[in-house]
1. Evaluate E = 1/(1 + (r/R0)^6) for A:Ile125 and B:Asn78, where r is the Cβ-Cβ distance and R0 equals 22 Å; express this FRET efficiency to the nearest 0.05.
2. What net charge is computed for the residues neighbouring A:Gly88, neighbours being all others with C-beta under 13 Å from the C-beta of A:Gly88, Lys and Arg scored +1, Asp and Glu -1?
3. In the neighborhood of A:Ala98, defined by Cβ-to-Cβ distances under 15 Å, what is the net charge if each Lys or Arg adds +1 and each Asp or Glu adds -1?
4. Can you compute the helix-only [θ] at 222 nm over chain A? Use -39500 (n - 2.57) per DSSP H run of at least 4 residues, normalise by all residues, nearest 500 deg cm²/dmol.
5. Could you tally the net charge around B:Leu230, taking each other residue with its Cβ under 13 Å from the Cβ of B:Leu230, Lys/Arg +1 and Asp/Glu -1?
6. Partner chain Cβ atoms within 10 Å, averaged over the residues of A:37-45 - can you pull that number for me?
7. Determine, for A:Leu95, A:Leu85, the number of other Cβ atoms within 10 Å of each Cβ, and report the residues in order from fewest to most.
8. When a footprinting reagent is the concern and you count Cβ atoms within 10 Å, what order do B:Arg4, A:Arg147, B:Arg214 take, fewest first?
Amino acid sequence: MNILDLLDGVVWKPVSTLNLIAREKPVGWALSIFALSTLLGLVSTDYSVFEPLQISPTLFIIIQIVVSIAGLFVFAGLLHLVAPLFKGHKDYWGLFSALGFANFPGFLSPVAAVLGNTAGMAGAILGGVISVAAGIWMLVLYLIALRENCRISTGASILTYLVALIVVVLAVMVIFFLLVLKMR
Amino acid sequence: MRGRKWLVVVIVAVALLSAVLLIAKPDLLTFTAEGKERVVVVHLQGAIEEGSAGYGFAQNITPRYVERQLEKAAADNNIKAAVLRVNSPGGSVAASQQIAEYIKSFPKPLVVSMGDMAASGGYYISAPARGIVAQPGTITGSIGVISQVLDLEGFYEKLGIKTETIKSGRHKDMLSRELTPEERELMQELSDEIYGQFVADVAAGRNLNPEEVRELATGQIYTGSQALELGLVDRLGGIDEAVKWAGEMAGIESPEKFEFPAPSFWEQIFGMGLKIAGLLDRLATPPEIQILNYLKHNINPGPQLVIK
């Protein structure tokens, strides 16, 4: 299947397509979809709020994409470690590929941003609806990606995410605490 | 499945076109004050400097930041006037002058509201505003110029650092050793020249006689109440008083206070990535290099006159 077929499948037949992606592992395409989705999300952000950062928008976007990709590697690894707790099958690159494709709804960010800022009140409402819908769509695709890759139930998939999220939040808090302590 | 591929093509094409539009017209994303006629309040907090490198959130006042905020305020038709809440001990001469230029050329009524401190450079950037409102206990004034040259030879000797100077131009190393009498005179001339600019700009901004300003410009600090008596500020009060006055200047009966929005939750999450990178960068730097960097940037910053 080419990339168009895969994206078409993610839209119309997400279960079978994400299952296929988890087995075929098109890592390069998954990485590209994820990076492009992140880029489009960043382009849709009002950069002026980051003015105090005093760095160029280009550098800012590059750093954010690199940090986001690293984040995907880490988060996929975490899900990969947590899934066996719920009797899930372990396949890191399959999961990574499926999660990458699950970011496809992020392509709607600039569409929502343009509508929200150019078409008055109706556009603002429509842009907001698109943003929320894309967020929910992405979340559902993430759950399907995990479920199909790890061959677990939907409930186990949700629990796996919750455990991984709690671990991430705790880890970030601990790292920040340690960094702040060390810098004093 | 094949018959519906058009939807994917449409999503990708519209997404890319929207992205190109957003890149070509970044102002599309700039927040505007909708509805009533408003007075924008911009907070300027910290030392005045040209800019800061690195990943961290700058906590200071830079010309670039002020320019961007005033541009946004000028471009927004619903914003009729601006209040700058200044809380600064001063800083770089050139950066203060640049900010003062931006404030002078702002096309709408602009009032400065002084916070805890608007001294020296903080006063320099306030002077060209159409009006200045200070709290009775604000620390202001300190109109003067200072430069300090540290002779670090003994300190370096203790650290075991030896420096060898090769120079072209006899005064090139004058700020890294003890000054000669001639160099002390040169530095004094430089300081006097900038002091003269400071006095002239304050006099012009406040419509005062330069001689009158010179009498006040002894480097002395004043409270807001004293500054009112001396003509360095116009009114006593807080932000609300400044907003009310700016509104009156703009002909608004009941002005509504407005602030540009802070970064959203997600934008702050994105920004956190940069903060972590900055922290890691600092931690990855060996301690001795950190000390040297600190010395380089904080103890011997090179030729610099400051107004603080």
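Quick note: the coordinates plus some simple rules give every number you see, no bench work behind them. Not measured: the values here are computed from a predicted model. We place every Cβ from the backbone using ideal geometry, glycine too, and count neighbours over all the protein chains shown.
1. 0.65
2. In short, +2.
3. Charge balance in the 15 Å sphere: +3.
4. The helix contribution divided over chain A gives -26500 deg cm²/dmol.
5. In short, -2.
6. Mean partner-chain Cβ count within 10 Å for A:37-45: 4.
7. Lowest count first: A:Leu85, A:Leu95.
8. Fewest-to-most ranking of B:Arg4, A:Arg147, B:Arg214: B:Arg4, B:Arg214, A:Arg147.
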